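Notes for the one structure printed next.
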Amino acid sequence: DQQVKQNSPSLSVQEGRISILNCDYTNSMFDYFLWYKKYPAEGPTFLISISSIKDKNEDGRFTVFLNKSAKHLSLHIVPSQPGDSAVYFCAASDAGNQFYFGTGTSLTVIP
Amino acid sequence: EPEVTQTPSHQVTQMGQEVILRCVPISNHLYFYWYRQILGQKVEFLVSFYNNEISEKSEIFDDQFSVERPDGSNFTLKIRSTKLEDSAMYFCASSAGQGIYGYTFGSGTRLTVV
């Protein structure tokens, strides 16, 4: 039962352009969402979060958008840099302890 | 920057053997978690731990699994009798609070059951 879905397993973007990573969820009780970045052989690193009372949260080059009616969130990276190449996971929670993770999207930023 | 430390980085064990995965969470964090990722699959929640007891656990976390905080700094995951399907990356995480704080993950222990 996959409550959080990332339908694009991979994405390639030119350096300097925008990267858009998408995530869909099925549980309308989810009210907190996070994005993590993961490099090979490392644990996931927290990037940015958003709660359901907001529809946008920005932190430097990273912006997360939440569309509650569509049960969809996206992560925008502008401008994309080669160091952003990693696997990106979205995760969602219904304010409990447990986060549900998507399967990840592997981003490659081409210099 | 504070980090979550996991040891060992790679553990190979015989099927049926007990294994203990160790984690040192960030010192002022109160919530502790274990997640795992089977190769090619999603990151899955195992268990959360707060105030010296399990606060939530998933269906994966059956009687073969246990967690312990034996002292003020370590947080361990024990698998009593390992199965081949327990082979995965196991991530420990800690957080200062629930929800809005996000987690800090360790770099993981790769468990290989042969």
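The values are calculated or read from the model by the stated rules, or taken from the named source; none is laboratory data. Just so you know, these numbers come straight off a predicted model, no measurement behind them. Using ideal geometry, Cβ is built from the backbone for each residue, glycine included, and neighbour counts are taken over all protein chains shown. Note: accessible area is taken over every heavy atom of the protein model, side chains too, but ligands, DNA and RNA are not part of it. Shrake-Rupley method; radii C 1.70, N 1.55, O 1.52, S 1.80 Å.
Of all residues in segment A:6-19 being buried (at least 16 other Cβ atoms within 10 Å of the Cβ) and assigned to a strand (DSSP E or B), which is modelled with the lowest pLDDT?
Once the filter is applied, the top-ranked residue is A:Leu11.
Quick check on this structure: which one of A:Tyr39, A:Tyr32, A:Tyr88 is within 18 Å of B:Tyr103 (Cα to Cα), within 14 Å of another protein chain (Cβ to nearest Cβ), aromatic (Phe, Trp, Tyr) and open to solvent by 50 Å² or more (accessible area, probe 1.4 Å)? First the steps, then the outcome.
Values: A:Tyr32 fails: open to solvent by 50 Å² or more (accessible area, probe 1.4 Å); A:Tyr88 fails: open to solvent by 50 Å² or more (accessible area, probe 1.4 Å).
Exactly one of A:Tyr39, A:Tyr32, A:Tyr88 is within 18 Å of B:Tyr103 (Cα to Cα), within 14 Å of another protein chain (Cβ to nearest Cβ), aromatic (Phe, Trp, Tyr) and open to solvent by 50 Å² or more (accessible area, probe 1.4 Å), namely A:Tyr39.
Scan segment A:91-111 for residues that are open to solvent by 30 Å² or more (accessible area, probe 1.4 Å), of a type in the set (Val, Ile, Thr) and in contact with an Asp or Glu (Cβ under 8 Å, 6 or more places away or on another chain) and report the count. So that I can check it myself, show each step before the final result.
Going residue by residue through segment A:91-111, those that are open to solvent by 30 Å² or more (accessible area, probe 1.4 Å) are A:94-95, A:100, A:103, A:106, A:108, A:110-111.
Still in the running and of a type in the set (Val, Ile, Thr): A:103, A:108, A:110.
Then keep just the ones that are in contact with an Asp or Glu (Cβ under 8 Å, 6 or more places away or on another chain); that gives A:110.
Count: 1.
Look at segment A:43-85 and say how many of its residues are charged (D, E, K, R), surrounded by 14 or more Cβ atoms within 10 Å (Cβ to Cβ) and closer than 25 Å to B:Gly106 by Cβ.
1
Might you check whether a residue that is out of contact with any Cys (no Cβ under 7 Å at 6 or more places or on another chain), over 24 Å from A:Gly104 (Cβ atoms) and modelled with pLDDT of 95 or more occurs anywhere in segment B:82-94? Write out each step before concluding.
Taking segment B:82-94 as the starting set, the residues that turn out to be out of contact with any Cys (no Cβ under 7 Å at 6 or more places or on another chain) are B:82-91, B:93-94.
Next, from what is left, pick out any that are over 24 Å from A:Gly104 (Cβ atoms): B:82-83.
The next check asks that each one be modelled with pLDDT of 95 or more; those that pass are B:82-83.
Checked segment B:82-94: at least one residue is out of contact with any Cys (no Cβ under 7 Å at 6 or more places or on another chain), over 24 Å from A:Gly104 (Cβ atoms) and modelled with pLDDT of 95 or more.
Out of the strands (runs of 3 or more DSSP E) lying entirely within segment A:39-111, which hold 2 or more residues that are of a type in the set (Ser, Thr, Tyr)?
Values: elements: A:45-51, A:56-59, A:62-67, A:72-77, A:86-93, A:105-110.
In segment A:39-111, the matching strands (runs of 3 or more DSSP E) lie at A:45-51, A:86-93, A:105-110.
Please work out which residue is modelled with the highest pLDDT, limiting yourself to segment B:104-114 and to residues that are hydroxyl-bearing (Ser, Thr, Tyr) and open to solvent by 10 Å² or more (accessible area, probe 1.4 Å). Talk me through it step by step, then tell me what you get.
So in segment B:104-114, the residues hydroxyl-bearing (Ser, Thr, Tyr) come out as B:104, B:107, B:109, B:112.
Filter once more, keeping what is open to solvent by 10 Å² or more (accessible area, probe 1.4 Å): B:104, B:107, B:112.
Numbers: B:Thr104: 83, B:Ser107: 83, B:Thr112: 96.
Checked segment B:104-114; the qualifying residue modelled with the highest pLDDT is B:Thr112.
Only one of these conditions is not met by B:Gly108: (1) within 14 Å of another protein chain (Cβ to nearest Cβ); (2) in contact (Cβ under 8 Å) with a residue 12 or more places away in the chain; (3) on the phi < 0 side of the Ramachandran plot. Which number is it?
Unmet for B:Gly108, out of (1) within 14 Å of another protein chain (Cβ to nearest Cβ); (2) in contact (Cβ under 8 Å) with a residue 12 or more places away in the chain; (3) on the phi < 0 side of the Ramachandran plot: (3).
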